Protein chains: 2
Amino acid sequence: MGKYGGAKTRTTVCLSDGAIFLAGAFMSLTLVWSYFSLFSPSFTFTFNGLRHGGEPVQCSGLNMQLDPSEPGFYDDPDLSYSIEKSITNWDEKRHEWFKSHPSFKPGSENRILMVTGSQSSPCKNPIGDHLLLRCFKNKVDYARIHGHEIFYSNALLHPKMNSYWAKLPVVKAAMLAHPEAEWIWWVDSDAIFTDMEFKPPLHRYRQHNLVVHGWPNIIYDKPSWTALNAGVFLIRNCQWSMDLIDTWKSMGPVSPDYKKWGPIQRSIFKDKLFPESDDQTALIYLLYKHKELYYPKIYLEGEYYLQGYWIGVVDGFANVTERYLEMEREDDTLRRRHAEKVSERYGAFREERFLKGEFGGRGSRRRAFVTHFTGCQPCSGDHNPSYDGDTCWNEMIRALNFADNQVMRVYGHVHSDLSKTSPLQPLPFDYPNEAW
Amino acid sequence: MGKYGGAKTRTTVCLSDGAIFLAGAFMSLTLVWSYFSLFSPSFTFTFNGLRHGGEPVQCSGLNMQLDPSEPGFYDDPDLSYSIEKSITNWDEKRHEWFKSHPSFKPGSENRILMVTGSQSSPCKNPIGDHLLLRCFKNKVDYARIHGHEIFYSNALLHPKMNSYWAKLPVVKAAMLAHPEAEWIWWVDSDAIFTDMEFKPPLHRYRQHNLVVHGWPNIIYDKPSWTALNAGVFLIRNCQWSMDLIDTWKSMGPVSPDYKKWGPIQRSIFKDKLFPESDDQTALIYLLYKHKELYYPKIYLEGEYYLQGYWIGVVDGFANVTERYLEMEREDDTLRRRHAEKVSERYGAFREERFLKGEFGGRGSRRRAFVTHFTGCQPCSGDHNPSYDGDTCWNEMIRALNFADNQVMRVYGHVHSDLSKTSPLQPLPFDYPNEAW
């Protein structure tokens with residue numbers, strides 16, 4: 001090795017060293033970037049502490065301050081929120097919206113917006129608005145526990161689409177205003193969540209766009225207007241659903257053909273209650289008359305009470321309460337106190353350990369998921385005459401307190417008696433293990 | 001260069017190449033990891049599409065299914081949710097909770113839980129529950145738009161702490177049940193959000209633990225029981241606040257000393273309305289008597305209507321509406337339709353372009369942030385006799401519709417008249433640019 005040869009070798013090696021080092025750095029960064037791009041096309045990460053003089057950066061994962069100026073579907077003058085106008089290419093429009101609002105994509109597959117509502121004027125029934133208020137609180141509690149958004153409508157979006165038809169314009173407008181939501185969950189004002197832990201098995205509905213509580217045989221074998229209940233449903237935020245709403249509403253008061261539909265429905269569904277066309281019978285009619293179009297996409301859920309007629313449910317509250325307390329006496333995990341925000345962990349634990357997907361309909365010993373006070377008409381007070389008005393209101397309060405016990409648990413208090421709303425009792429540590 | 005010398009150099013160089021390459025890779029990965037650790041100690045990233053047979057992984061950023069089995073503060077038998085018991089070391093307890101629930105850390109600095117409520121029994125005023133229902137919807141709308149959680153209380157957590165004292169046990173229990181929340185925002189049932197875009201400037205309160213609307217001179221120069229309003233406040237979820245609540249409640253009905261506080265408060269605040277000790281006067285009393293303890297930590301906010309007395313506000317609705325429409329006629333950005341979830345972007349734009357931190361109190365031409373119908377008593381109907389009951393209810397409805405216009409905008413509809421709740425009118429594209 002000559003002197004010059006050695007020196008030249010050293011310089012060459014040094015330059016190469018630097019290049020190789022950088023190559024290594026570059027390669028690993030590329031690998032990391034590729035990994036994240038592959039497994040999370042819109043991976044978000046959050047910064048903590050970077051401040052620019054004002055508020056810290058919003059860090060919920062969702063970027064609520066970003067709305068790019070590039071035109072999207074909202075900028076199309078032809079897009080209308082009205083029930084009178086159709087929507088086209090809604091799937092593509094939502095898809096584009098997610099591309100320009102990527103922070104909303106993660107978790108979007110099961111994102112739910114709950115929608116409910118009631119009339120715009122005070123209830124005729126003196127206790128009506130009080131019950132509506134409590135029923136709304138009940139829904140807000142369920143939504144908060146499970147991370148759902150909720151919207152309450154108390155104004156008609158179309159003057160003709162009133163009464164039970166009022167939900168269609170609201171659901172449609174909500175779909176447009178919430179492209180980030182995959183499901184709109186309509187829940188009647190008189191439906192009460194009585195199992196705060198239960199979550200609808202959305203994976204079961206992957207191929208469907210509408211989920212209602214109902215039974216196919218009561219459509220196809222022995223048609224009845226009670227074959228399903230249109231007071232509680234999950235509707236997927238997609239073009240198929242927009243088309244369904246268009247067809248559905250064409251049997252409603254906004255349609256020029258409205259009047260013909262009452263007789264048509266009554267001719268098929270002999271037990272139909274209202275003479276004029278109603279949204280529930282109209283939906284069953286579509287399934288009946290156009291089975292090939294609708295049956296594949298509408299899930300008739302009968303395995304749990306997506307909505308359960310209150311008559312079969314309220315007598316069971318005491319037994320069910322005792323059964324669930326027994327589970328808690330048996331397993332200290334269920335007695336463990338926790339933040340409300342991690343309640344789902346304990347609901348999942350109970351399901352896994354004690355319930356294992358147990359049937360949740362009539363005769364079940366599960367908590368009814370949703371107890372629906374159909375026939376009670378809390379607002380008008382014009383309840384089905386076959387029951388006592390007071391029975392309706394008293395049972396609604398028991399159902400509300402039954403549900404509230406599951407909520408107030410994480411606030412350290414319960415109702416000692418389902419008929420007694422206030423005051424609450426403080427819970428001892430490790431309840432219900434210690435007698436009290 | 002001899003043969004063997006050259007060969008040995010090549011092998012050595014090759015091994016060195018590999019080592020240098022790996023060194024470069026390792027260094028860059030270390031830098032990336034350090035960067036994220038430094039700026040986001042618990043950075044979260046979300047996966048899309050990884051399924052394990054059932055539901056996709058919850059991807060909101062918050063992991064609601066994780067509650068580690070290692071004991072935390074909830075597992076301490078001495079922790080009580082009751083207003084009668086003190087909490088200690090709450091800051092440390094929350095800190096530990098975040099360590100075991102890291103997904104909740106990002107964004108926690110400004111996370112808000114709104115808390116409101118009303119009595120457990122139906123209102124005496126026939127329109128009372130209807131107004132409460134609408135006021136609750138109003139709060140749910142505001143919370144949804146800004147990503148806040150909300151909890152409604154309609155049961156006393158302590159039988160003695162009723163009426164205006166009922167909020168303290170609820171706020172405390174909420175603090176314990178929601179360690180992820182930095183602020184609890186108590187809002188009276190008769191307070192209505194009339195600026196859906198406005199966000200309290202939380203950075204202003206970095207050094208404070210309680211924020212109320214009020215003026216120091218009305219405490220220290222000319223003591224009045226109206227120096228601040230305890231019907232709307234932000235309270236930080238921390239030990240200082242727990243201590244404040246302990247002291248505050250010691251002047252309330254749960255305290256053995258309760259009866260002495262009425263006379264003490266009246267001796268200082270000559271215009272005090274109720275003979276017995278009330279929560280508002282009690283708070284002012286603490287500021288008055290123990291200024292050095294409380295004044296540094298309680299922010300008396302007078303620059304905007306954290307709550308604004310309705311009398312000075314409701315006459316301005318028409319003018320304010322027109323002013324804001326004028327902004328929208330002027331700037332097409334404000335006319336642009338968008339998903340509800342990105343409304344904050346447009347509120348920030350309006351603030352920046354037209355309002356620039358403009359004063360928001362009496363005489364202001366801003367929308368009042370919160371319009372508080374103090375003196376109206378919508379539930380009992382026992383309003384301040386100096387005004388007409390009907391005026392109260394009519395103005396509450398106007399305020400509710402004024403607010404609802406800001407909400408329904410993104411659903412494509414508005415109230416044509418503030419006194420008319422239903423039906424709504426559909427909005428034309430590019431409203432309010434086209435005359436309609």
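The values are calculated or read from the model by the stated rules, or taken from the named source; none is laboratory data. What you are looking at is a predicted structure, and each value in this text was computed from that prediction instead of being measured. Counting neighbours? That spans all protein chains shown, and the Cβs are built from the backbone with ideal geometry, glycine included.
Overview of results
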{"item": "Positions within region B:143-169 being aliphatic (A, V, I, L, M) and within 8 Å of chain A (Cβ to nearest Cβ), in sequence order", "result": "B:ILE150, B:ALA155, B:LEU156, B:LEU157"}
{"item": "Selected residue (criterion: nearest to A:ASN319 (Cα to Cα)) from residues of region A:410-436 that are out of contact with any strand residue (DSSP E or B) (no Cβ under 8 Å at 6 or more places or on another chain) and outside any loop (DSSP other than H, G, I, E, B)", "result": "A:VAL410"}
{"item": "B:TYR309 vs. criteria under 22 Å from the mean Cα position of the chain (by Cα) and over 23 Å from B:ARG144 (Cα atoms)", "result": "yes"}
{"item": "Qualifying residue in region A:87-102 (condition: basic (Lys, Arg), modelled with pLDDT of 95 or more and in contact with a Phe, Trp or Tyr (Cβ under 7 Å, 6 or more places away or on another chain))", "result": "yes"}
{"item": "Any pair with Cβ under 6 angstrom, 6 or more apart, that starts in region B:57-73 at a residue that is under 10 Å from B:HIS101 (Cβ atoms) and crowded, with 18+ Cβ neighbours inside 10 Å and ends at one that is at pLDDT below 85 and of a type outside the set (Lys, Arg)", "result": "none"}
{"item": "So B:ARG335, is it surrounded by fewer than 21 Cβ atoms within 10 Å (Cβ to Cβ), within 21 Å of B:ASN401 (Cα to Cα) and either among the aliphatic types (A, V, I, L, M) or in contact with a helix residue (DSSP H, G or I) (Cβ under 7 Å, 6 or more places away or on another chain) (or both)", "result": "yes"}
{"item": "Failed criterion for A:TRP186 (all others in (1) part of a loop (DSSP other than H, G, I, E, B); (2) touching a Lys or Arg at 6+ places or on another chain (Cβ under 9 Å); (3) hydrophobic (A, V, I, L, M, F, W, C); (4) under 29 Å from A:PRO122 (Cα atoms) hold)", "result": "(1)"}
{"item": "Residue in region A:155-166 that is farthest from B:LYS139 (Cα to Cα), counting only those that are surrounded by fewer than 22 Cβ atoms within 10 Å (Cβ to Cβ) and of a type outside the set (A, V, I, L, M)", "result": "A:LYS160"}
{"item": "When residues of region A:103-157 are limited to those that are in contact with a strand residue (DSSP E or B) (Cβ under 9 Å, 6 or more places away or on another chain) and charged (D, E, K, R), the one farthest from B:SER120 (Cα to Cα)", "result": "A:GLU109"}
{"item": "Condition check for A:GLU109: of a type in the set (D, E, K, R) and either in contact with a His (Cβ under 8 Å, 6 or more places away or on another chain) or more than 7 Å from chain B (Cβ to nearest Cβ) (or both)", "result": "no"}
{"item": "Any hit, region B:67-81, residues being under 24 Å from the mean Cα position of the chain (by Cα) and more than 7 Å from chain A (Cβ to nearest Cβ)", "result": "no"}
{"item": "Qualifying positions in region A:346-393 - surrounded by fewer than 17 Cβ atoms within 10 Å (Cβ to Cβ), among the small types (Gly, Ala, Ser) and closer than 28 Å to B:SER69 by Cβ", "result": "A:ALA348, A:GLY357"}
{"item": "Top-ranked residue of region A:351-381 - restricted to ones that are part of a loop (DSSP other than H, G, I, E, B) and of a type in the set (Phe, Trp, Tyr), ranked as nearest to A:ASN229 (Cα to Cα)", "result": "A:PHE373"}
{"item": "Residue match in region B:389-409 (condition: in a loop (DSSP other than H, G, I, E, B) and at pLDDT 95 or above)", "result": "no"}
{"item": "B:ASN125 vs. criteria in a helix (DSSP H, G or I) and more than 9 Å from every other protein chain (Cβ to nearest Cβ)", "result": "no"}
{"item": "Any hit, region B:228-244, residues being out of contact with any strand residue (DSSP E or B) (no Cβ under 6 Å at 6 or more places or on another chain) and more than 22 Å from B:VAL171 (Cβ to Cβ)", "result": "no"}
{"item": "Identity of the residue in region A:146-168, assigned to a helix (DSSP H, G or I) and touching a Lys or Arg at 6+ places or on another chain (Cβ under 8 Å), that ends up farthest from A:TRP97 (Cα to Cα)", "result": "A:TRP165"}
{"item": "Filter result for the condition that a residue is within 12 Å of chain A (Cβ to nearest Cβ), buried (at least 23 other Cβ atoms within 10 Å of the Cβ) and in a helix (DSSP H, G or I), over B:VAL115, B:VAL140", "result": "B:VAL140"}
{"item": "Identity of the residue in region A:406-436, among the polar types (S, T, N, Q) and in contact (Cβ under 8 Å) with a residue 12 or more places away in the chain, that ends up nearest to B:GLY117 (Cα to Cα)", "result": "A:THR421"}
{"item": "Qualifying residue in region B:174-183 (condition: in contact with a Lys or Arg (Cβ under 7 Å, 6 or more places away or on another chain), more than 12 Å from every other protein chain (Cβ to nearest Cβ), within 30 Å of B:ASP271 (Cβ to Cβ) and in contact (Cβ under 8 Å) with a residue 24 or more places away in the chain)", "result": "no"}
{"item": "Answer residue from region A:394-436, given it is polar (S, T, N, Q) and facing chain B (nearest Cβ under 9 Å) and is nearest to A:SER189 (Cα to Cα) among those", "result": "A:ASN401"}
{"item": "Residues of region A:255-285 satisfying the condition of being among the aliphatic types (A, V, I, L, M) and surrounded by fewer than 19 Cβ atoms within 10 Å (Cβ to Cβ)", "result": "A:ILE264, A:ILE268, A:LEU273"}
{"item": "Subset of region B:119-137 [in contact (Cβ under 8 Å) with a residue 60 or more places away in the chain, crowded, with 23+ Cβ neighbours inside 10 Å and either of a type in the set (A, V, I, L, M) or under 18 Å from B:SER241 (Cβ atoms) (or both)]", "result": "B:LEU131, B:LEU132"}
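Yes or no, residue by residue, for (1) small (Gly, Ala, Ser); (2) free of Cβ contacts under 8 Å to residues at least 60 places away in the same chain:
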{"position": "B:THR333", "(1), (2)": "no, yes"}
{"position": "B:ALA339", "(1), (2)": "yes, no"}
{"position": "B:LEU355", "(1), (2)": "no, yes"}
{"position": "B:ARG362", "(1), (2)": "no, yes"}
{"position": "B:ARG367", "(1), (2)": "no, no"}
